[in-house]
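Here, each number is a calculation from the coordinates, and none is a lab measurement. Quick caveat: nothing in here was measured; it's all calculated off a predicted structure. Neighbour counts are summed over all protein chains in view; Cβ atoms, including those assigned to glycine, are modelled from backbone coordinates with ideal geometry.
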């Protein structure tokens, strides 16, 4: 099996060598980048795109002369949406293929599965998806949004701009919605929303029977308050949900819905007429009007060979993450994990939406928060954009984690208790 | 202030239209250009005031266009235009003169007011639209009014009722006027009369306004409560002791409770010679010793005294806790309470009716998904694990048809028989190629069809991708059948219900009234005997299998219309379908109907009891079914006779 | 007795010999022994495969020998994993918490320690309270007892209810599938107290052996899995041999006749069902520390159906068939889905096995059921015993 993986790696290397100008192949130790995204199974639809983005970025870097005078070689493996397999493949990447860095994962549970392996073997992972926070590993750089970079600003928008007084937190029953909703509940209560004005509901993956839940949400308005829905509903289930909302004659003006998991990729090829006017909060929208973004979209559509393909938030995260890693390697002069990790902190790179992203000592990025309104063509009208917000690994709105902080630069600890002034643990919480 | 200005503006706009002619809308907009270009709900009012105060006739169309994202701003000088973008071109219309120019879109920005701002604009527009000759404008005014009721709008609303030509809208206006009267009228008698009129109204708006009057706050007082008392609360039943004590603390009626962390921190801050409060720190892992140490420190006055549980209980006992209405007038709150109680009784009945509708709808979906399975299982004793994939196949057929037939109504009419035909053919093929060879090995049929199931699922993924595909329902199935604010059901579900009834009738007809049905029933009862009577069991098997699969295909189209089409959609229904068949009793259409009804109602019932966790409802339902089968292994409608002894 | 049984049972001796050779080769070639022929991840994969073989022979006994097509044995496997996972998580977290609290001037109270462990473990799912089911998690012996007890009791109660009501055949299959579904739905909930969709993770880090390398730990688990498989094989071979084995096979072939002969069919079925559930639990307890993570997706009904598929492909009614099936299908499947198999270029279309493997598996499974009901093991029989 290991041998076959090597073959696969060689095949891809060969592919790259033909597509790019093989200049510096005389490198003694080629730089290897592991790509750990599911190419089959339920997550393939989201993650395959990210694999393609990585191949594009590597190809571009090689065309621009590679890194440290060497060509970069991509090692692509398929963990098949199977969480234990993520750990196994990560181990293979680090021990058999001996990659210098891994870009990968989508779901939180897959990240939790990979974490012990990364920390044991001192690997380096760039994780590109918005997540629930409450974690900071020495070996992971989180290029997606922490809750305070997506959920909290969206709720602020609801409170301030839309005047929402009553909240329905609807989510698919897994860790990201659970934790995010816990944080939001604490935050809303902090903001003076009474506990009985927050309705929380969890549904299974792929839920299709939404009539009762939509009815419950509409009924929330019976005490005369403006109702808003914060949706962490995942994937396919969204379709039925928005259909049912439309069937109940609920427009975005009556009950606005802001979604954290609905982006361009999810909307592409769908009938979006039921969704128009509803909101989504991300750090990137394809409709962002900057020259960098126009360039990125053009290169992406050129690479993939189709002008129908959309770009989305996790793709931008990989774009920033990869470029920062390249800068850090150049600054450190080596791909050694510890040296690169140290060099990563403080790296800056331009966002596709304008402004600069900075890597913070807690391994999170500064990101602007964008709120978009869904258009009929599946794109988003950006109606609000904040200044860059610093990602916070440990939320300030839950009492247990409010006292925790992460600082890999001075404190050298990802879970530091500021009250007792001790490092709770050096490994991460999995 | 804003209201005053609006009133003034209305006055000015009505009486002195000529005076404002010297101004242009552009000149009024420019001083507030920033606010127009990047508005916020809280601050847009000033800009709107200025616009309305101008009294210009162009204001209304401008506000409407602005709200609909039809206004563009030229970046160079900040001038506003109506704009229509097409490709890279932009058709600009001057907001004052109406002159059109075509320019490149670059250098111009579309204004996108957010939902909150749009609502404020809508409220501002109400006064202009209430008596507008255009019905849609009047409707939109009423919608805005309902979303943001406002004291000043009561008078114009009342004034507009008499002239309203549309009877439905007139009724709606009267209802809204009542609701506004309840909150905003000056005379308590008017308010009470309006409140009484709401006692039969189950709409959410009516209950909302009543609930607002009945808003209470909890207070703690040493003696009798003051104000319009809703009721006296008992600590323990209405209020947890912790919450009650918190209330006392926030009211400065009791000292804050000492948190365990505070004890630890206080001890840590007062360590003398390795001892805190006279006790060696090493022993302070024991909670009792910690409290003792703290008590010593408190006695010495170094830390605030410990508030014990007893202290807290005493403090709670010494106070009266009461819910006090925010509305001071007891007559009004009494009337509102009476009206709300009466309305809520109606609402409860309506909710029950709504739940029944939801349950019926779910039952009809389960029935459609399961009936095909019931036929094959009943007649042939064969478990078809790939039944779910036939459902999926039907749904994808619908999707493919919609790619070629753009008209949704026609495409559904084409898709239904086509889905039946395709899945019928697939079912017959499967029966001929696989099932036929495994008739005496039912467990192996189960596994072989499972093999087909995973192959078909993966095939669908390879062909259509893993992403959900849309199956769009025709326009006439959009929306919902609305009985009241509480009782409503989407047309698509009604259609599925009708479809289920249709199939029930059809299958019963085929089984009871046709030659094929007779033969099918004969084979079901005794295969050998039927064969000796000249019936060809092979042919019957093939046809029933095809029929069962074909119905699954149609169910797929129906399910795809209301939910999503994915390669895994069949898998989501297969276990439910099995349970429906098994619970209902095998080999009987009525049994499947009973099973689907039981499961549908049960699931909705459990969801009603535990609305925040749909997953738990499903778990309990499966557990119930397991238990049910233990006690009635043959299902609700048990088969009798020889066929029962499988 | 056992001696004689081993002597009379040639296949058991052959199997044990093959297993011993295989184990020795892997052990001496592993990184832990210095040879480095087999990478740690490969050793882990092979160790896990042995556990799958163990649960497959349990499935073979209950289905191939006793005729009960249980679609719930992977649920018992998962329960075993959860039981051992609870201790692993608790003990690991306790170590972390104690070392972080030890720096404080005032020693922590027991409730502070348990709160800290709770918020560490359940912080991920937004809670800090220990649910009741974690009552024994602090103790390894108790939790190991749970590995055996929970699947055993569940199987006993469930089996008693089902067999008592004479639920048989496909009905029983569906009932066991419903049980699996209920269990996985329950575990998917965050309120279940077992961390919902995230499940229990970091299980490869064994508390008390933090300094031991994963190469050594993986080898230890590999050896333990091999030993468990050997013992399980001997146990089941003994169960299905002899008089009891004949009764069990009789139940498979015609339950009514065995009942008329005066045997208490329900008792035998219940015994087989419970015993195999316990063995499945043990296999799971060995499997998940090697996999590193257990979550409800592992227990989904489809996993139990795959278990039946392995046994059917390997060949029912012969223990080595189940072993061959489980090892062959799971390894081949990870070879195909791992991108190991070269793509097949048909000229007009390139078959990518990551996409097409499941289609191939499904079709070949139908083919096996139709044409080779005895599975791979049947071919084996044909080769060993000359056709008479």
Using only the Cα atoms, what convex hull volume per residue in Å³ does the stretch C:2-384 have?
176
What number, in nm² with one decimal, is the all-direction average of the projected area of the convex hull of the alpha-carbon atoms of the stretch C:90-150?
4.7
Helix-derived mean residue ellipticity, 222 nm - over chain B, DSSP H n ≥ 4, -39500 (n - 2.57), to 500
-20500 deg cm²/dmol
Where labels lie 7 Å past Cα in the beta-carbon direction, separation of residue B:630 and residue B:246 in nm
4.1
Is the shape of chain A rounded, prolate or oblate, going by the alpha carbon gyration tensor and its root eigenvalues a ≥ b ≥ c, with a/c under 1.5 for rounded and a/b larger than b/c for prolate?
prolate
Over the whole of B:557-569, what's the average partner chain Cβ count within 10 Å per residue? Rounded to a whole number, please.
4
Taking other Cβ within 10 Å of each residue's Cβ, how do A:258, B:249 sort, fewest first?
B:249, A:258
Dividing the alpha-carbon radius of gyration of the stretch A:318-362 by 2.2 N^0.38 Å, where N counts its residues, gives 1.10
Starting from the Cα of residue A:403, move 7 Å in the Cα-to-Cβ direction to define the label point; list residues of the stretch A:107-148 whose amide nitrogen is under 19 Å from there.
A:134-136
Euclidean distance between Cα centres, the stretch A:391-418 to the stretch A:39-70, Å
32
When the C-alpha atoms of the stretch B:448-502 are aligned to their principal axes, what extent does each axis show, in angstrom, from largest down?
48, 24, 20
Any idea how far apart residue C:28 and residue A:156 come out in nm if each label point goes 7 Å out from Cα toward Cβ?
6.7
Given springs between every Cα pair under 10 Å in a Gaussian network model of chain A, which of A:400, A:390, A:265 has the largest fluctuation?
A:400
Fewest to most Cβ atoms within 10 Å: C:115, B:354 sort as C:115, B:354
Using 0.36 nm times the number of residues separating residue B:608 and residue B:200, minus their current alpha carbon distance, what extension gain do you get?
144.4 nm
Connecting C-alpha atoms closer than 10 Å in a GNM of chain A, tell me which of A:288, A:343, A:194 has the biggest fluctuation.
A:194
Nearest-0.05 FRET efficiency for residue B:299 and residue B:238 at R0 = 35 Å, using Cβ-Cβ distance, is 0.40
Inter-site label distance for residue A:60 and residue B:421 at 7 Å from Cα along Cβ, in nm:
5.0
Between residue B:23 and residue B:341, what length comes free when the chain is fully extended (0.36 nm per residue of separation minus the Cα-Cα distance, one decimal in nm)?
109.0 nm
Taking a virtual spin label 7 Å from the Cα of residue B:226 along the C-beta vector, which residues in the stretch B:283-321 bring their backbone nitrogen under 18 Å of it?
B:319-321
Degrees separating the helix A:2-19 axis from the principal Cα axis of chain A, which is the longest one
90
Over the stretch B:216-325, equivalent-ellipsoid semi-axes from the Cα gyration tensor in Å
37, 12, 10
With axes computed from alpha carbons, what is the tilt in degrees of helix C:140-164 against the longest principal axis of chain C, rounded to the nearest 10 within 0 to 90?
40
If each DSSP helix of 4+ residues adds -39,500 (n - 2.57) and the sum is divided by the residues in chain A, what number results at 222 nm, nearest 500 deg cm²/dmol?
-11500 deg cm²/dmol
Check: C-alpha center the stretch C:347-388 vs C-alpha center the stretch B:489-543, spacing in Å is 36
The relative contact order of chain B, taking Cα pairs under 8 Å that sit 6 or more residues apart, comes to a percentage of 12
Rounded, prolate or oblate (a/c below 1.5 giving rounded, otherwise prolate when a/b exceeds b/c) for the stretch B:130-213 by Cα gyration tensor
prolate
Let me test this: with uniform point scatterers at the alpha carbons of the stretch B:141-181, what is the Debye-based log₁₀ I(q)/I(0) at q = 0.24, 0.25, 0.29 1/Å?
-0.74, -0.80, -1.07
Against the longest alpha carbon principal axis of chain B, how many degrees, from 0 to 90 and to the nearest 10, is the axis of helix B:260-269 turned?
60
What FRET efficiency comes out for residue A:299 versus residue B:484 if R0 is 56 angstrom and r is the Cβ-Cβ distance? Round to the nearest 0.05.
0.50
Between the stretch B:444-475 and the stretch C:93-113, what is the C-alpha centre distance in whole Å?
53
Can you check how the C-alpha radius of gyration of the stretch B:338-390 compares to 2.2 N^0.38 Å, as a plain ratio?
1.96
Using only the Cα atoms of the stretch A:229-318, build the gyration tensor, take square roots of its eigenvalues as a ≥ b ≥ c, and label the shape rounded, prolate or oblate: rounded if a/c is under 1.5, else prolate if a/b is larger than b/c, else oblate.
prolate
Going from the fewest other Cβ atoms within 10 Å to the most, one would list B:631, A:380 as B:631, A:380
Rounded to the nearest 0.05, what FRET efficiency is calculated for residue B:526 and residue C:135 with R0 set to 60 Å and r the Cβ-Cβ distance?
0.60
Regarding the protein assembly as shown, what is the average projected area of its C-alpha convex hull, in nm²?
62.8
